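**Student:** Okay, here's the structure, questions in a sec.
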Protein chains: 2
Amino acid sequence: MNIMGRIVQKRTLETRARLVAEAEKLIDRNGFEALRVEDVVRAAGVAKGTFFAHFRDKDALMDRLIGARLDTILDAMDLETGIRDIRDLVARMGPMLTFMTCERYVFDVILRYSGAAAQEDIGPIATTFARQIDVFASWIEHGPFRRDVPVAILAEGVQAFAVQVMALRFCALHAAQGLHAPLETYLAAWLLPPQPSARSSRNTAP
Amino acid sequence: MNIMGRIVQKRTLETRARLVAEAEKLIDRNGFEALRVEDVVRAAGVAKGTFFAHFRDKDALMDRLIGARLDTILDAMDLETGIRDIRDLVARMGPMLTFMTCERYVFDVILRYSGAAAQEDIGPIATTFARQIDVFASWIEHGPFRRDVPVAILAEGVQAFAVQVMALRFCALHAAQGLHAPLETYLAAWLLPPQPSARSSRNTAP
DNA sequence: AGGATAAAATGACCACGGTCAATACAAAAT
DNA sequence: ATTTTGTATTGACCGTGGTCATTTTATCCT
């Protein structure tokens, strides 16, 4: 096997797959936060150093595992169509909100990796964030929402508000349900065709 | 001295002050990320355990130090008045944006502590975030902005967009200047009195 | 087959945040 | 002054992420 000029042995792929698989198992049992590198390597039957030959650091593994789950959720979201209103929109974000707030640790990792760390080493989580924008954009495009702002901008705003709601009310109402109401408030103001206010200034974007 | 039923010796306050002072010095010299607890206690002339008798963990010290700086910046922002337009608004957020993006590590700490960690152990950074909302709200209230949405909501949105811009473009254009343009785009869509779009649906908030 | 070469795996080791039973110290009670 | 009580400090110790010189293993070459 030969990837990018560097020869990769079959063994390598097997080891990496085993590390990932064992990590998944441990996470399913104990959650993300409790994952220890030592446990993973013991379960995979390799030495500690081997782990770091396959992943830059523990966070790189997390990036991959969490990114994979986000991707699965996005696959489902991709199939949703016919958003009728804000409530609908928020409801379909539900699974994403639920997963992102399933553990404080998970939310922190996601935030830390949602932007590209260094130029162009864009990881799995950052990729899903870009994809999320696309999904939101297509939802908005086919829904009864304002048209005076580019769809891409609207989509990025939805993401921004979602993060805001999750970050500020993380513990207040831990169930993801508690996030829906405030998020709907924001999105109503952000997405709906505006009702012109009394004082009709005619400002424009700079 | 007696705080909350617990007697606090003068010695305690002196030690804590010394820890904070030495930490500040080290940070001024090497930045936040490079701060090591061992260095702080050595400089302060106390044992390691003493540090943790005064701060729950290293992050608690960071929360305090970063919170203090944010507070200073907010003091200055509080004095600003007469926001004429979006560009103005973003310009006056400048110092805050600059500080929050001065180090990747600082931004991460701020995000992690911007929401209350557990109910009602709201720390310095979380406090400044609440204060930030108030400042934005008063700016918006006296500016040429939309009135069809409560000022508080608008202010929270400004914060959300600011975080979004910082998170997504952290390295892309590291100078805080690069943040202004995208932020202005978002805020124009968020804050300005809307120009009714062609298709005038008359949706309302759910 | 038997080297030669490069990739992969190893595990002792380090850095650093954090803990805790033991000790030193200050203040109050006698 | 001495004892008592509770606060503040200590430093050896631990857990865990991460490193790297060395060793093992695969692949290629003749």
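The values are calculated or read from the model by the stated rules, or taken from the named source; none is laboratory data. Quick caveat, the model's predicted, so the values are computed rather than measured. Reconstructed Cβ throughout: ideal geometry from the backbone, glycine too, with neighbour counts over all protein chains shown.
**Student:** Please work out if A:Asp75 is under 21 Å from the mean Cα position of the chain (by Cα) and part of a helix (DSSP H, G or I).
**Tutor:** yes
**Student:** Any idea how many residues of segment A:20-53 are assigned to a helix (DSSP H, G or I) and near DNA strand C (Cβ under 9 Å from one of its atoms)?
**Tutor:** Keep residues of segment A:20-53 that are assigned to a helix (DSSP H, G or I), which gives A:20-30, A:37-44, A:48-53.
Now narrow it down to the ones that are near DNA strand C (Cβ under 9 Å from one of its atoms): A:41, A:44, A:48-53.
Qualifying residue count, segment A:20-53: 8.
**Student:** Which of (1) modelled with pLDDT of 95 or more; (2) more than 10 Å from every other protein chain (Cβ to nearest Cβ); (3) within 21 Å of B:Leu183 (Cβ to Cβ) does B:Gly82 not meet, given it meets every other one?
**Tutor:** (1)
**Student:** Please count how many residues of segment B:30-58 are out of contact with any helix residue (DSSP H, G or I) (no Cβ under 7 Å at 6 or more places or on another chain) and within 21 Å of B:Cys102 (Cα to Cα).
**Tutor:** Our first condition is that a residue be out of contact with any helix residue (DSSP H, G or I) (no Cβ under 7 Å at 6 or more places or on another chain); within segment B:30-58, this holds for B:30-31, B:34, B:36, B:42, B:45, B:49, B:52-53, B:56-57.
When the remaining residues are screened for being within 21 Å of B:Cys102 (Cα to Cα), the result is B:30-31, B:34, B:36.
Residues meeting the conditions: 4.
**Student:** Considering only segment A:12-20, I want to know if a residue exists there that is away from DNA strand D (no atom under 14 Å from the Cβ), surrounded by 13 or more Cβ atoms within 10 Å (Cβ to Cβ) and within 30 Å of A:Met93 (Cβ to Cβ).
**Tutor:** As a first pass, look at segment A:12-20 and keep what is away from DNA strand D (no atom under 14 Å from the Cβ): A:16-18, A:20.
With the extra rule that they be surrounded by 13 or more Cβ atoms within 10 Å (Cβ to Cβ), the set shrinks to A:16, A:18, A:20.
Add one more test, that the residue is within 30 Å of A:Met93 (Cβ to Cβ), and what stays is A:20.
The answer is yes; a qualifying residue exists.
**Student:** Residues to consider are A:Ser197, A:Ser201; find the one that is under 22 Å from B:Leu183 (Cβ atoms), out of contact with any helix residue (DSSP H, G or I) (no Cβ under 9 Å at 6 or more places or on another chain) and at pLDDT below 75.
**Tutor:** A:Ser201
**Student:** Filter segment B:98-115 for residues that are part of a helix (DSSP H, G or I), more than 11 Å from chain A (Cβ to nearest Cβ) and surrounded by fewer than 17 Cβ atoms within 10 Å (Cβ to Cβ) and give the result. Full working, then the answer.
**Tutor:** Going through segment B:98-115, the residues part of a helix (DSSP H, G or I) turn out to be B:98-100, B:104-114.
With more than 11 Å from chain A (Cβ to nearest Cβ) added as a condition, the list becomes B:98-100, B:106.
Within segment B:98-115, just B:Thr98 meets the criteria.
**Student:** Is it true that B:Leu70 is surrounded by 19 or more Cβ atoms within 10 Å (Cβ to Cβ), assigned to a helix (DSSP H, G or I), more than 14 Å from every other protein chain (Cβ to nearest Cβ) and more than 16 Å from DNA strand C (Cβ to nearest atom)?
**Tutor:** In short, yes.
This table checks each residue for (1) away from DNA strand D (no atom under 14 Å from the Cβ); (2) of a type in the set (D, E, K, R).
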| residue | (1), (2) |
| --- | --- |
| A:Lys10 | no, yes |
| A:Glu33 | no, yes |
| A:Val41 | no, no |
| A:Gly45 | no, no |
| A:Phe52 | no, no |
| A:Arg69 | yes, yes |
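**Student:** For B:Leu65, are the conditions met, namely being assigned to a helix (DSSP H, G or I) and either more than 30 Å from B:Phe136 (Cβ to Cβ) or near DNA strand C (Cβ under 9 Å from one of its atoms) (or both)?
**Tutor:** no
**Student:** So A:Arg147 fits all but one of (1) touching a helix residue (DSSP H, G or I) at 6+ places or on another chain (Cβ under 9 Å); (2) at the interface with chain B (Cβ under 8 Å from one of its Cβ atoms); what number is the exception?
**Tutor:** The one condition A:Arg147 does not meet is (1).
**Student:** List, please: which pairs have Cβ atoms under 8 Å, are six or more places apart or on different chains, and start with a residue in segment A:44-56 that is closer than 22 Å to A:Gly123 by Cα and end with one that is near DNA strand C (Cβ under 8 Å from one of its atoms)?
**Tutor:** Within 8 Å, the pairs are A:Thr50/A:Thr15; A:Thr50/A:Val41; A:Phe51/A:Val41; A:His54/A:Thr12; A:His54/A:Thr15; A:His54/A:Arg16.
**Student:** Next up: So is A:Leu111 assigned by TED's automatic domain parsing to the domain that holds A:Ala130, of a type outside the set (Gly, Ala, Ser) and touching a Leu at 6+ places or on another chain (Cβ under 7 Å) or not?
**Tutor:** On the way: assigned by TED's automatic domain parsing to the domain that holds A:Ala130: yes; of a type outside the set (Gly, Ala, Ser): yes; touching a Leu at 6+ places or on another chain (Cβ under 7 Å): yes.
For A:Leu111, the condition - assigned by TED's automatic domain parsing to the domain that holds A:Ala130, of a type outside the set (Gly, Ala, Ser) and touching a Leu at 6+ places or on another chain (Cβ under 7 Å) - is met.
**Student:** Which ones in segment B:37-47 are exposed (fewer than 12 other Cβ atoms within 10 Å of the Cβ) and within 24 Å of B:Asp108 (Cβ to Cβ)?
**Tutor:** Within segment B:37-47, the subset exposed (fewer than 12 other Cβ atoms within 10 Å of the Cβ) is B:38, B:45, B:47.
The answer is B:Glu38, and nothing else.
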